[in-house]
Amino acid sequence: MDISRLRVDGKRLRSSLEKMTEIGATPGGGVQRLALSDQDKQARDLFVQWLEEINLEWSTDEMGNIFGRRRGKKDDLPPVMSGSHIDSQPRGGRFDGILGVMGALEVLRTIHDRGVETERPIVIVDWTNEEGSRFAPAMVGSGVWAGKLERNWVYGRTDIQGKRFGEELARMGYQGELPARRWPVHAYYEYHIEQGPILEREGKTIGAPKGIVCLHWYDVYLEGTANQVGPTPMEGRNDALCAAAEMILKVNALPAKMGGHMVATVGEIQNEPNSRNIIPDRVHFTVDIRSWDDDLALRAWEDVRRDFESIARSRGCPIRIEETWRVEHASFDERLVKQVLNVAQMLGYSSHSMVSGAGHDASYMSQVAPTAMIFVPSIGGRSHVEVENTRWEDCEAGTNVLLHCILQSALEE
Ligand code: HGY
Ligand code: MN
Ligand code: MN
């Protein structure tokens, strides 16, 4: 069989994605499948059912990562691995993460249907809690598996209701016996929507990122003095929300102040008691700083942290800061990145080299195995929103590139 003529079944890929979209579907046309939620479980159940349909042995480790394995002729060789995540953002998009899992599944279905034998085994993976929205930080499934995060620390993380990660994982029924501990991987490919405007602006179909920026996450807690808003004079107030407001604008001004390519965002805030006629006395907000230059991101944090402390002093609002999580910028394997570009060209797709501003499990995988990603365009550059969208032809194109990258690596001795 001339392997180079193999192509995936775009209709079957679309049907699987549409079935997954029904799980946690939101009124605005997006999905909500928060990590370890009932919707995450439902989607996982469907995923393993599909793995069984193509006779894949599957397993779950103690982080709930799901691995489906297809044997190779030389089955003891390190496998080629591909996957992403099933969990989503609140009111998230229909493609983020799930495209990479369904894409890898479509590749395995195609190989299965055509009876292709590969030298190396192939492993498909769903990584637990890539998003880090319900339980911070992000990418904990791949982070523990790669040996970069400590399992019990992750188990102890809580969501806004105080539910613990480890208990929710057990409740959901995907807390496996297998240790979440890495084993040798020959090549890891992650297929994902770009989540930005570059491919659409350049008119290109396939993105080949050279890597992913660093992600630094912080949590800031402020204490004020609650009081009745009417009788309490303005001077002498310790208004925790006003302190937070000043700090949030400092975060927003940080990239321009520091120069260099960086983004800095406050995405989440809780304000208590959150009543219109009580001066707020407890505020929590998050800070997300990203840059290709890890040192610049660290210097930026030190700078804004000094501002936070002086604002807290001047407003008489004691501050507590948690340096929650940092993952270094990821540099992908040059040979595999080149392979993505060559395969795109072989298949007749236009391509573009870039850097990923979004974090992915490939951030951790690149620290322990040769890694590359394949991007397809996000319409309007939108993601983490219900209107997130990618053309079906582009979904099929990216999956064809994934198919031939996996095959080329799996046929290597
Ligand atoms: O934060 C990110 O970029 C990813 O969606 N976890
Ligand atoms: Mn993602
Ligand atoms: Mn995401």
If a residue has to be open to solvent by less than 10 Å² (accessible area, probe 1.4 Å) and within 20 Å of the chain's Cα centre (by Cα) to count, how many in the range 285-301 make the cut? 4
Hey, any hits in the range 57-64 for a residue that's in a loop (DSSP other than H, G, I, E, B) and of a type outside the set (G, A, S)? yes
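Is it the case that G92 is surrounded by 24 or more Cβ atoms within 10 Å (Cβ to Cβ), touching a Phe, Trp or Tyr at 6+ places or on another chain (Cβ under 9 Å) and under 28 Å from G156 (Cα atoms)? Reasoning before the result, please.
Details: surrounded by 24 or more Cβ atoms within 10 Å (Cβ to Cβ): yes; touching a Phe, Trp or Tyr at 6+ places or on another chain (Cβ under 9 Å): no; under 28 Å from G156 (Cα atoms): yes.
No: the conditions fail for G92.
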Determine if the range 334-344 includes at least one residue that is surrounded by fewer than 17 Cβ atoms within 10 Å (Cβ to Cβ) and under 25 Å from E268 (Cα atoms). no
Every listed condition ((1) closer than 24 Å to V401 by Cβ; (2) open to solvent by 20 Å² or more (accessible area, probe 1.4 Å); (3) in a loop (DSSP other than H, G, I, E, B); (4) touching a residue at least 40 places away in the same chain (Cβ under 8 Å)) holds for H112 save (3)
Among residues of the range 304-333 being in a helix (DSSP H, G or I) and of a type outside the set (A, V, I, L, M), the residue surrounded by the most Cβ atoms within 10 Å (Cβ to Cβ) is F308
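From the residues in the range 126-151 that are outside any loop (DSSP other than H, G, I, E, B) and touching a helix residue (DSSP H, G or I) at 6+ places or on another chain (Cβ under 8 Å), which one is most open to solvent (accessible area, probe 1.4 Å)?
Quick first cut of the range 126-151, residues outside any loop (DSSP other than H, G, I, E, B) only: 126, 140-145, 151.
With touching a helix residue (DSSP H, G or I) at 6+ places or on another chain (Cβ under 8 Å) added as a condition, the list becomes 126, 140, 142-145, 151.
On the way: D126: 1, V140: 2, S142: 0, G143: 0, V144: 9, W145: 4, R151: 77 Å².
Only one residue tops the list, namely R151.
Mind checking whether some residue in the range 233-244 is in the same structural domain as G316 (by TED's automatic domain parsing), among the charged types (D, E, K, R) and surrounded by 13 or more Cβ atoms within 10 Å (Cβ to Cβ)? Step through it out loud before you land on a result.
Here is the first cut: in the range 233-244, the ones in the same structural domain as G316 (by TED's automatic domain parsing) are 233-244.
Filter again for among the charged types (D, E, K, R), leaving 235, 237, 239.
In the following step, the residues that additionally are surrounded by 13 or more Cβ atoms within 10 Å (Cβ to Cβ) were identified as 237, 239.
For the range 233-244, residues in the same structural domain as G316 (by TED's automatic domain parsing), among the charged types (D, E, K, R) and surrounded by 13 or more Cβ atoms within 10 Å (Cβ to Cβ): present.
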Residue count for the range 1-29, restricted to those that are small (G, A, S) and open to solvent by less than 20 Å² (accessible area, probe 1.4 Å): 3
Do any residues in the range 381-400 that are more than 22 Å from V107 (Cβ to Cβ) have Cβ atoms under 7 Å from those of residues that are within 16 Å of ligand 1 (Cβ to nearest atom) and open to solvent by 20 Å² or more (accessible area, probe 1.4 Å), where the two are at least six apart or on different chains, and which pairs are they? G381/P197; S383/Q195; H384/Q89; E386/R91; E388/R94; E388/R382
Given (1) closer than 27 Å to P79 by Cβ; (2) within 16 Å of ligand 3 (Cβ to nearest atom), index of the condition A180 fails: (2)
Report, by residue number, each residue of the range 345-377 that is surrounded by fewer than 24 Cβ atoms within 10 Å (Cβ to Cβ), touching a strand residue (DSSP E or B) at 6+ places or on another chain (Cβ under 8 Å) and either outside any loop (DSSP other than H, G, I, E, B) or at pLDDT below 95 (or both). Q345, S351, H352, S353, M354, V355
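Could you look through the range 152-202, keep only residues that are among the basic types (K, R) and more than 23 Å from K41 (Cβ to Cβ), and pick out the one that is surrounded by the most Cβ atoms within 10 Å (Cβ to Cβ)?
Filtering the range 152-202 for residues among the basic types (K, R) gives 157, 163-164, 171, 181-182, 201.
Retained after the next criterion (residues that are more than 23 Å from K41 (Cβ to Cβ)): 181-182, 201.
Values: R181: 13, R182: 17, R201: 11.
For the range 152-202, the residue satisfying everything is R182.
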How many of the residues making up the range 30-53 are exposed (fewer than 15 other Cβ atoms within 10 Å of the Cβ) and more than 24 Å from E167 (Cβ to Cβ)? 3
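Only one of S350, S356 is of a type in the set (S, T, N, Q) and in contact with a Pro (Cβ under 6 Å, 6 or more places away or on another chain); which? Explain how you work it out, then say what you get.
On the way: S350 fails: in contact with a Pro (Cβ under 6 Å, 6 or more places away or on another chain).
Going through S350, S356 in turn, just one is of a type in the set (S, T, N, Q) and in contact with a Pro (Cβ under 6 Å, 6 or more places away or on another chain): S356.
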Only one of Q89, Q39 is assigned by TED's automatic domain parsing to the domain that holds G359, in a loop (DSSP other than H, G, I, E, B) and polar (S, T, N, Q). Can you tell me which? Q89
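Do you know which residues across the range 59-81 are more than 22 Å from the chain's Cα centre (by Cα) and not acidic (D, E)? Give the derivation first.
To start, the set of residues in the range 59-81 that are more than 22 Å from the chain's Cα centre (by Cα) comprises 69-79.
Those that are more than 22 Å from the chain's Cα centre (by Cα) and not acidic (D, E): R69, R70, R71, G72, K73, K74, L77, P78, P79.
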Please verify whether the range 268-284 includes one or more residues that are within 16 Å of ligand 1 (Cβ to nearest atom), open to solvent by less than 40 Å² (accessible area, probe 1.4 Å) and not in a helix (DSSP H, G or I). no
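The values are calculated or read from the model by the stated rules, or taken from the named source; none is laboratory data. A quick note: this is a predicted structure, and the numbers were derived from the prediction, not measured. When we count neighbours, we look across all protein chains shown, and the Cβ atoms used for this are built from the backbone with ideal geometry, even at glycine. For accessibility, only protein heavy atoms count, side chains too; no ligands or nucleic acids. Shrake-Rupley method; radii C 1.70, N 1.55, O 1.52, S 1.80 Å.
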